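Undergrad: Right, I'll just put the structure down here and ask away after.
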Amino acid sequence: MAKKAKTVYVCQECGYESPRWMGQCICGAWNSFVEEKVLPDTGDDTRQRFKAGSRSPSVLKSVGTLNYERLNTGIGELNRVLGGGMVKGSLILISGEPGIGKSTLIIQTAENVAKGGHTVLYVSGEESEEQIKLRADRVCGNLSDKLFVLAETNIENVETACENLKPDLLIVDSIQTMYSDQLDSAPGSISQVRQIGNVLMRLGKSSDMPVFIVAHVTKSGDLAGPKTVEHLVDCVLNFTGERDQEIRVLRAYKNRFGTTSEIGAFTMEEKGLREVPDISATFLENSAAQTEGSVTTSIYEGSRPVMFEIQALVTPASGVGFSRRTAVGIDNTRLSMIIAVMEKKLGMPLGNEDIYLNVVGGIRPDGTGTDLAVALAIYSSFRRIAPVERTLALGEVGLTGDLRPVRNAERIVKEAARLGFTRIIMPRSNAERIKDKVGNCRIFGVRNISEAIRAFQKEDNG
Ligand code: TYD
Ligand code: MG
């Protein structure tokens, strides 16, 4: 007797599975459950990998080291984020909002690899072969004859194509458009995405071929479907930027073959993406330096400092008894904390003010080293005082109003001097190890937020 196919209800927000339909998921989402068929256990790949033959434990010390063979993407910024190119047999997920430039980055990579004499298969479920050709012609110029395209949404057909073509690099754009015959849920549903992820992993590992998978996320950063394959892939890259601005930032959130602290920078131009090795200069090029509410800061990303501008706008609250705090690029909780410290330690009446904050250039800094710049930008806007010189501010603000040191301050100072800053306000503990003046740039070591404000407004020339 044929076994009845089992079904489960899967939350499309978080992937939670329930045998029964539920109105609200444990993740808080309402009406998010969709009935999906359970596949007969073909074996999760991880399981299969470890089931093959019984193995005995090895002494870790004596386990041989692997030298990963990497494929050059021909794009320095991408190579760097990946840790030196694509490791053979690895799965790389690249996520980003629609229209940010994922397909452009991918086609440029594909063509570079093909030019290097490798066979590349670009599978697209989003565009026709003609559309891909149009873009490729525009951004790559003369195309290599090792670059193959396939407009296909059925993953089994992709498998067949790979068996025939035996590519050295496979690209799938995007995972949400692909479906497997084995499931009857719609493309983009959690179980389809998971299944596609498993198939691609098998394909990649079995033929030692890197696989690039494109995934869409929405404005709110929702990676629902693709999130369920994050554990499966080796690298998760995120491509961000503002659509109407040129700058695009590529960052690794997970990388089994490199660090996650490197970022890659590009500008989107008429002929595709162009690398930006000097990211700080580009960020600062159009900056509103020395205007009210704008303060520049820096974080150390991977192997280089990145400078960017923080802008604040403080205006009397529009609603009675209700003031708005909106931050783009900085954690809202962090912003509230900095505002509270300023109210308490500087006696600033910010309670009835709307405060807006923006990190310019679409960069999303991690960590707390940008706190002081946030505080100074708010101060500058509230008091209507512009920075007296080209000023850079560094430091974490503690609840006591004291400043805590940042990492790699010396290298940030050197870069700031090169870029023409003339005043750096930083925690004293950092400044103690640096000269008072580096080039034309004066260093102000301060202990707390009040001292920082004083240094910020100081009009002396000494
Ligand atoms: P695309 O790579 O299609 O984005 P995604 O795959 O992430 O959805 O690029 C989308 C935008 O980039 C498109 O609106 C136009 C712009 N663009 C350029 O400005 N120059 C170019 O050379 C290309 C190919 C695209
Ligand atoms: Mg695309």
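Undergrad: Suppose we take every Cα in segment 330-459 and form the convex hull; what volume per residue is that in Å³?
TA: On the way: hull volume 13.8 nm³, N = 130.
Each residue corresponds to 106 Å³ of Cα convex hull volume.
Undergrad: To the nearest 20 debye, what is the magnitude of the charge dipole of segment 288-408 about its Cα centre, counting +1 on the Cβ of each Lys and Arg and -1 on the Cβ of each Asp and Glu? Numbers along the way, then the final one.
TA: On the way: 12 positive and 12 negative charges, 11 e Å.
The dipole magnitude comes to about 60 debye.
Undergrad: If the chain were replaced by its equivalent ellipsoid, with semi-axes equal to the square roots of 5 times the Cα gyration tensor eigenvalues, what would those be, largest first, whole Å? Before the final figure, lay out the partial values.
TA: Working: eigenvalues 423, 145, 92 Å².
Here the semi-axes work out to 46, 27, 21 Å.
Undergrad: With the cut-off at 29 Å, tell me which of the pairs 133/254; 6/166; 61/102; 102/166; 345/414; 205/271 have Cα atoms farther apart than that.
TA: Details: 133/254 32 Å; 6/166 35 Å; 61/102 41 Å; 102/166 24 Å; 345/414 31 Å; 205/271 34 Å.
Result: 133/254; 6/166; 61/102; 345/414; 205/271 exceed 29 Å.
Undergrad: Sort 65-78, 173-186 by packing, meaning the average of other beta carbons within 10 Å per residue, with the highest value first. List each step's numbers first, then the result.
TA: Values: 65-78: 16.1, 173-186: 19.5.
For the peptides 65-78, 173-186, the packing ranking is 173-186, 65-78.
Undergrad: Of all DSSP beta bridges in segment 342-452, what percent run antiparallel (nearest 5)? List each step's numbers first, then the result.
TA: Numbers: 5 of 13 bridges.
Rounded to the nearest five, the antiparallel share is 40 percent.
Undergrad: Which distance in Å, rounded to a whole number, links the C-alpha centroids of segment 363-436 and segment 57-110?
TA: Their Cα centres are 34 Å away from one another.
Undergrad: Using the basic label-point model (7 angstrom from Cα toward the beta carbon), what is the residue 336 to residue 259 distance in nanometres?
TA: 3.3
Undergrad: In whole percent, how big is the carbon plus sulfur part of the accessible area of the chain, probe 1.4 Å, protein atoms only? Numbers along the way, then the final one.
TA: Working: 10950 of 22320 Å².
Within the chain, the accessible surface is 49 percent carbon and sulfur.
Undergrad: Further, regarding this structure: What does the convex hull of the Cα atoms of segment 142-194 come to per residue, in Å³, rounded to a whole number?
TA: Cα-based convex hull of segment 142-194, divided per residue, equals 86 Å³.
Undergrad: Under a point spin-label approximation (7 Å from Cα along Cα-to-Cβ), what is the residue 14-residue 410 distance to one decimal in nm?
TA: Modelled inter-label distance: 4.7 nm.
Undergrad: How about the chain: what cysteines have no other cysteine beta carbon under 4.7 Å from their own?
TA: 140, 162, 235, 441
Undergrad: In addition: I'd like to know which of 93, 162, 105 lies farthest towards the positive end of the charge dipole of the chain, counting +1 on Cβ of Lys and Arg and -1 on Cβ of Asp and Glu.
TA: Towards the positive end, the residue furthest out is 93.
Undergrad: Note down the relative contact order for the chain as a percent, whole number, built from C-alpha pairs under 8 angstrom at least six residues apart. Please list the in-between numbers first.
TA: Details: 961 pairs, mean separation 54.3, N = 462.
Contact order relative to length: 12 percent.
Undergrad: Also, I was wondering about something else. May I ask you to list the aspartates and glutamates whose Cα is less than 18 Å away from that of residue 435, ignoring any residue fewer than eight positions away on the same chain?
TA: Reachable aspartates and glutamates: 410, 415.
Undergrad: Follow-up question, since we're still on this one. With every protein chain kept in the model, how would you rank 334, 428, 442, 454 by accessible area, 1.4 Å probe, largest at the top? Before the final figure, lay out the partial values.
TA: Values: 334 55, 428 85, 442 35, 454 155 Å².
Correct descending sequence by accessible area is 454, 428, 334, 442.
Undergrad: Which net charge results when you count Lys and Arg as +1 and Asp and Glu as -1 among the other residues whose beta-carbon is under 10 Å from that of residue 215?
TA: Local net charge: 0.
Undergrad: Any idea what the relative contact order of segment 380-462 is, in percent, if you count C-alpha pairs under 8 Å spaced at least 6 apart?
TA: Details: 130 pairs, mean separation 26.0, N = 83.
Relative contact order comes out at 31 percent.
Undergrad: Before I look further, what does the chain give for accessible area per residue, probe 1.4 Å, in whole square angstrom? If you can, show how the numbers build up before the last one.
TA: On the way: 22320 Å² over 462 residues.
Roughly 48 Å² per residue, with all protein chains present.
Undergrad: Could I ask something else about it? Go through 205-215, 245-255 and give me the packing order, highest mean Cβ count within 10 Å leading.
TA: Output ranking for 205-215, 245-255: 205-215, 245-255.
Undergrad: Would you rank 36, 343, 451 by solvent-accessible area, highest first, keeping every protein chain in place and using a 1.4 Å probe?
TA: Values: 36 5, 343 70, 451 30 Å².
Listed by decreasing accessible area, they come as 343, 451, 36.
Undergrad: Take 231, 216 and sort them by solvent-accessible surface of the protein heavy atoms, 1.4 Å probe, largest at the top.
TA: Numbers: 231 120, 216 45 Å².
Result of the area sort, largest leading: 231, 216.
Undergrad: Considering only DSSP beta bridges with both partners in segment 52-169, what is the antiparallel share in %, to the nearest 5? Please report the intermediate quantities before stating the final value.
TA: On the way: 2 of 8 bridges.
Close to 25 percent.
Undergrad: Show me the ranking of peptides 24-30, 166-172, 143-149 by mean Cβ neighbours inside 10 Å, starting with the highest.
TA: Values: 24-30: 12.7, 166-172: 23.0, 143-149: 17.0.
Ranking, from highest mean packing down: 166-172, 143-149, 24-30.
Undergrad: How large is log10 I(q)/I(0) at q = 0.12, 0.19 Å⁻¹ when the Debye formula is applied to the Cα atoms of segment 259-401, each weighted equally and without solvent?
TA: So the normalised log intensities are -0.50, -1.11.
Undergrad: If you don't mind, another one. Once label points are set 7 Å from the Cα along Cα→Cβ at both residue 55 and residue 143, what is their separation, rounded to one decimal in nm?
TA: Rounded to a tenth, the inter-label distance reads 4.1 nm.
Undergrad: Using 0.36 nm per residue, how much length does the chain from residue 267 to residue 69 gain when fully extended, once their Cα-Cα distance is taken away?
TA: On the way: separation 198, 0.36 × 198 = 71.28 nm, distance 2.92 nm.
Contour length minus Cα-Cα distance gives 68.4 nm.
The values are calculated or read from the model by the stated rules, or taken from the named source; none is laboratory data. These numbers were taken from a predicted model, which means no experiment stands behind them. Neighbour counts are summed over all protein chains in view; Cβ atoms, including those assigned to glycine, are modelled from backbone coordinates with ideal geometry. The area values use the complete protein model at the heavy-atom level, side chains included, leaving out ligands, DNA and RNA. Shrake-Rupley method; radii C 1.70, N 1.55, O 1.52, S 1.80 Å.
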